[in-house]
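Just below is one structure, and these are the notes that go with it.
The values are calculated or read from the model by the stated rules, or taken from the named source; none is laboratory data. Note that the structure is predicted; figures quoted are calculated from it, not measured. Note: ideal-geometry Cβ built from the backbone for every residue, glycine included; neighbour counts use all protein chains shown.
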């Protein structure tokens, strides 16, 4: 599952490379949904289902241990302090996302906004059912499945460093 897939570059690429996986993408912006659907049609990719709407409201309805991989890339960092409560990764949402992973499943997070990266690291480290895959904790190298997207390239053009987090659902 990819939450906030933007224009679908990564999700379409991933789905094409893993035709035996069932993939789900969630996005609130209609132009991004349209861009993904065009990519899927052009590539004859048929293993993706799309949710056009708020993923967090939808995932509350799902049973636990459903996903092997949850990807969140370059979400809105809500940089103003008064807006931090709107950030996707919070204590409750991190716990819910962890519950949706199968044991051994992975949560991947990437951002080019350092304060959000630090916030996400703190939140995910405090989620008991998750373990950080970075040697010694902290940030990880980018996962092999992550390709550069328009949002990543824009951040890099602005001189922003990209921060990756990879956490695995603990067994049991």
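Listing for the model above:
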{"read-out": "Elements of type helices (runs of 4 or more DSSP H) in region 1-85, at least 3 residues being touching a helix residue (DSSP H, G or I) at 6+ places or on another chain (Cβ under 9 Å)", "value": "9-17, 30-42"}
{"read-out": "Residues of region 24-66 classified as surrounded by 15 or more Cβ atoms within 10 Å (Cβ to Cβ), in contact with a strand residue (DSSP E or B) (Cβ under 6 Å, 6 or more places away or on another chain) and closer than 21 Å to residue 88 by Cβ, total", "value": "8"}
{"read-out": "Of all residues making up region 135-150, the number that are closer than 24 Å to residue 14 by Cα and either touching a strand residue (DSSP E or B) at 6+ places or on another chain (Cβ under 6 Å) or surrounded by fewer than 16 Cβ atoms within 10 Å (Cβ to Cβ) (or both)", "value": "10"}
{"read-out": "Residue in region 124-134 that is assigned to a helix (DSSP H, G or I), modelled with pLDDT of 95 or more and touching a strand residue (DSSP E or B) at 6+ places or on another chain (Cβ under 8 Å) present", "value": "yes"}
{"read-out": "Residues (closer than 22 Å to residue 133 by Cβ and either buried (at least 16 other Cβ atoms within 10 Å of the Cβ) or modelled with pLDDT under 95 (or both)) located in region 67-86", "value": "67, 69, 70, 71, 72, 73, 74, 75"}
{"read-out": "Of the criteria (1) surrounded by 14 or more Cβ atoms within 10 Å (Cβ to Cβ); (2) assigned to a helix (DSSP H, G or I); (3) modelled with pLDDT of 95 or more, which one residue 155 fails", "value": "(3)"}
{"read-out": "Matching option when the condition is in contact (Cβ under 8 Å) with a residue 60 or more places away in the chain, crowded, with 19+ Cβ neighbours inside 10 Å and either within 18 Å of residue 165 (Cα to Cα) or over 16 Å from the mean Cα position of the chain (by Cα) (or both), among 110, 98", "value": "98"}
{"read-out": "Residue 45 being at pLDDT 95 or above and under 15 Å from residue 4 (Cβ atoms)", "value": "no"}
